[in-house]
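**Q** Next up is a structure, given as structure tokens.
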């Protein structure tokens, strides 16, 4: 059963996506449009993590390129970092974004 996103979850997902691809930023490529990747930590096959456990990835690093997460997850993590670490970074980046936002 697909659960509808709450208002807070939609806001969180928008903030995460607004950061741009975490891999591109870490590689020094600058900002790139991002889509949401639900991290796969302690989830079974076919099970998605919560809408709070997400990182921003561009289509190339998410699902389209030869080095996309969904093409080769283990190789992707060796090359670009563990999802758990990128999740921590993403949460910190969103927190920093919030601290600079007036009225949040």
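The values are calculated or read from the model by the stated rules, or taken from the named source; none is laboratory data. Fair warning: this is a prediction, and the values are worked out from it, not measured in the lab. Cβ sites come from the backbone with ideal geometry, for glycine too, and all protein chains shown count toward neighbours.
**Q** Hey, can you tell me all the residues within region 22-31 that are at pLDDT 95 or above and either closer than 15 Å to residue 97 by Cα or in a helix (DSSP H, G or I) (or both)?
**A** 22, 23, 24, 25, 26
**Q** Here's a follow-up. I'd like the full set of residues that are more than 18 Å from residue 29 (Cα to Cα) and assigned to a helix (DSSP H, G or I), limited to region 65-84.
**A** Listed by number, the residues that qualify are 73, 74, 75, 77, 78, 83, 84.
**Q** Of all residues being outside any helix (DSSP H, G or I) and surrounded by fewer than 12 Cβ atoms within 10 Å (Cβ to Cβ) in region 1-21, which is modelled with the lowest pLDDT? Just the residue, please. Walk me through it before giving the result.
**A** Taking region 1-21 first, the residues outside any helix (DSSP H, G or I) are 1-6, 19-21.
Checking the rest, the ones that are also surrounded by fewer than 12 Cβ atoms within 10 Å (Cβ to Cβ) come to 1-4, 6.
On the way: 1: 41, 2: 51, 3: 68, 4: 81, 6: 89.
Step by step, filter region 1-21, then rank; the result is 1.
**Q** Within region 94-104, can one find any residue that is touching a strand residue (DSSP E or B) at 6+ places or on another chain (Cβ under 9 Å), modelled with pLDDT under 95, surrounded by 12 or more Cβ atoms within 10 Å (Cβ to Cβ) and under 28 Å from residue 6 (Cα atoms)? Walk me through how you get there before you give the answer.
**A** If we filter region 94-104 for residues that are touching a strand residue (DSSP E or B) at 6+ places or on another chain (Cβ under 9 Å), which is where we start, we get none.
Within region 94-104 (the criterion being touching a strand residue (DSSP E or B) at 6+ places or on another chain (Cβ under 9 Å), modelled with pLDDT under 95, surrounded by 12 or more Cβ atoms within 10 Å (Cβ to Cβ) and under 28 Å from residue 6 (Cα atoms)), the answer is no, since none of the residues qualifies.
**Q** Kindly provide the set of residues from region 32-61 that are closer than 15 Å to residue 88 by Cα, outside any strand (DSSP E or B) and modelled with pLDDT of 90 or more, ordered by number.
**A** Correct list: 39, 52, 53.
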